[in-house]
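The values are calculated or read from the model by the stated rules, or taken from the named source; none is laboratory data. Computed from a prediction, not measured in an experiment: that's the story for all the values here. A quick note on method: Cβ atoms are made from the backbone with ideal geometry, for glycine too, and the neighbour counts reach across all protein chains shown.
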Amino acid sequence: VQVLDNIESNGPPPKNFDVLLGIALCSLFLGASLGVLAAWFNAWLSPEYFQETMGWNPEEARPASLIQGGLGGLAYGFAFAGFFAVVCGWATQFRCTFSFAFRQLAKIVLFVLFGWAFGGLAAGLLYQPPESPAALSAISFLPSALSSADWHGRWVAGAILGQKAGFLLGAAFCPLIVWRAWKGRKE
């Protein structure tokens with residue numbers, strides 16, 4: 001019996017389908033949390049942005065932005081949860097541990113945070129709105145707050161775009177991140 005125990009302990013780890021469900025729930029929670037935290041900072045920095053773009057009055061701009069940020073983050077978390085669970089399952093043959101999957105999820109979250117900060121800094125500090133109406137029509141896909149003279153409003157507009165870009169980059173690199181981490185782990 002002892003010989004069989006040793007053989008089983010040296011084999012591949014068992015398939016952990018429950019880990020993928022747990023990490024999908026973490027993705028939902030992290031998405032909502034990031035949405036609320038980013039919205040809180042953005043609303044603290046420039047409640048005028050939300051008044052201008054959403055039409056909210058000054059008293060409701062901050063609380064409403066938290067709700068909107070949380071729901072938006074939850075939607076992104078939901079969209080990413082299934083994708084991330086499939087990627088983790090594929091890359092690890094459903095044998096990853098929760099701690100391994102969570103570390104990879106944390107790496108993806110860094111893409112979102114970096115995109116948010118970089119987008120905000122780039123728009124707030126570096127972007128100078130063009131003075132010509134023709135030049136403005138060429139960049140009409142950008143939020144109107146980018147044309148604001150107030151760098152706080154430009155920060156918020158850029159941070160929101162950067163956060164979305166960071167999410168897309170994180171999702172694009174997710175399979176490579178998980179696969180390389182799984183292949184490079186010490187067994």
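A few points about this structure:
- Residue in segment 30-44 that is surrounded by 15 or more Cβ atoms within 10 Å (Cβ to Cβ), among the β-branched types (Val, Ile, Thr) and either in contact with a strand residue (DSSP E or B) (Cβ under 7 Å, 6 or more places away or on another chain) or free of Cβ contacts under 8 Å to residues at least 40 places away in the same chain (or both) present: yes
- Cross-chain or 6+ apart pairs with Cβ under 8 Å, segment 82-110 first and on the phi > 0 side of the Ramachandran plot, then modelled with pLDDT under 95: Gln93/Pro12; Gln93/Lys15; Phe94/Lys15; Phe94/Asn16; Phe94/Phe17; Phe94/Leu20
- Scan of segment 76-106 for residues that are small (Gly, Ala, Ser) and over 14 Å from the mean Cα position of the chain (by Cα), ordered by number: Gly82, Ala85, Gly89, Ala91, Ser99, Ala101
- Single condition Asn57 does not satisfy, out of (1) in contact (Cβ under 8 Å) with a residue 12 or more places away in the chain; (2) out of contact with any Leu (no Cβ under 7 Å at 6 or more places or on another chain): (1)
- When Glu48 is tested against (1) touching a residue at least 60 places away in the same chain (Cβ under 8 Å); (2) under 30 Å from Gly184 (Cβ atoms); (3) in a helix (DSSP H, G or I), just one condition goes unmet, and that condition is (2).
- Inside segment 52-69, residues that are surrounded by fewer than 16 Cβ atoms within 10 Å (Cβ to Cβ) and at pLDDT below 90 make up a count of 7.
- Top-ranked residue in segment 95-126 [being among the hydrophobic types (A, V, I, L, M, F, W, C) and touching a Cys at 6+ places or on another chain (Cβ under 8 Å); ranked as surrounded by the fewest Cβ atoms within 10 Å (Cβ to Cβ)]: Phe102
- Against the test of being modelled with pLDDT of 90 or more and in a helix (DSSP H, G or I), the options Arg180, Arg154 yield a single qualifying residue, Arg180.
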